[in-house]
1. Loop only by DSSP, 14 or fewer other Cβ within 10 Å of the Cβ. Give me the chymotrypsin sites (Phe, Trp or Tyr not before Pro) in segment 1-75 that pass, ordered by residue number.
2. To make sure I understand, if each residue's beta carbon is the centre and we count other beta carbons within 10 Å, what order do ARG5, ARG73 fall in, fewest to most?
3. Rounding to the nearest 20 debye, state how big the charge dipole of the chain is about its Cα centre with +1 on each Lys and Arg Cβ and -1 on each Asp and Glu Cβ.
4. Around VAL3, with a cut-off of 11 angstrom between Cβ atoms, what is the net charge of the other residues, counting Lys and Arg +1 and Asp and Glu -1?
5. At 7 Å along Cα-to-Cβ for each site, give me the label-to-label distance between ARG5 and VAL41 in nm.
6. Would you mind checking the radius of gyration and Dmax of segment 3-77 based on alpha-carbon positions, in Å?
7. Along the positive direction of the dipole of the chain (beta-carbon charges: Lys, Arg +1; Asp, Glu -1; about the Cα centre), which of LEU8, VAL57, LEU47 reaches farthest?
8. Where both partners of a DSSP beta bridge lie in the chain, what percent of those bridges are antiparallel, to the nearest 5?
Amino acid sequence: MGVSRAALFGSTARGEARPDSDLDIFVELDPAAKLDLYDYVGITQYLADLFTAPVDVVDRAGLKAHVRPSAERDAVYAF
C-alpha cells in the first residue's frame, strides 16, 4: 500500500476522546513506493472506511511544527 508505519494520535490516543471526536492518524509513506495524489487519497479513504468516526489522515512528514511534538508523544503505532 506504500505505508511503512501508521499511528493514532490526539485525543483518542490519549484516552480523552468524546463521542464526537475524530480519529487522528499519521502515516509514514515509503519513499520507494513513489505514491501520487491518487494513491494518497486511496490510503486516506481506506483508513476512513475502517471506522465509523470521522478520520483525519496526515503524512507524518507534513505535520506542522507546533503539532509534531504532541503527535509524536501521543502516538500509538498500529504498525
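1. Numbers: sites: PHE9, PHE26, TYR38, TYR40, TYR46, PHE51; in loops: PHE51.
Within segment 1-75, the qualifying chymotrypsin sites (Phe, Trp or Tyr not before Pro) (loop, at most 14 other Cβ atoms within 10 Å) are PHE51.
2. Working: ARG5 14, ARG73 10.
With the sparsest Cβ surroundings first, the list reads ARG73, ARG5.
3. Details: 8 positive and 13 negative charges, 54 e Å.
My answer is approximately 260 debye.
4. On the way: positive: ARG5, ARG60; negative: GLU28, ASP30, ASP39, ASP59.
Computed value for this residue: -2.
5. So the label points at ARG5 and VAL41 sit 2.9 nm apart.
6. Computed over the Cα atoms of segment 3-77, radius of gyration and Dmax are 12.4, 38 Å.
7. The residue sitting farthest along the positive end of the dipole is LEU8.
8. Values: 8 of 13 bridges.
Antiparallel bridges make up about 60 percent of those DSSP assigns within the chain.
Every read-out reported here was derived from the displayed coordinates using simple, explicitly stated rules and does not represent laboratory data. Given the structure is predicted, the values throughout are model-derived calculations rather than measurements. Glycine gets a Cβ as well: all are built from the backbone with ideal geometry, and neighbour counts include every protein chain shown.
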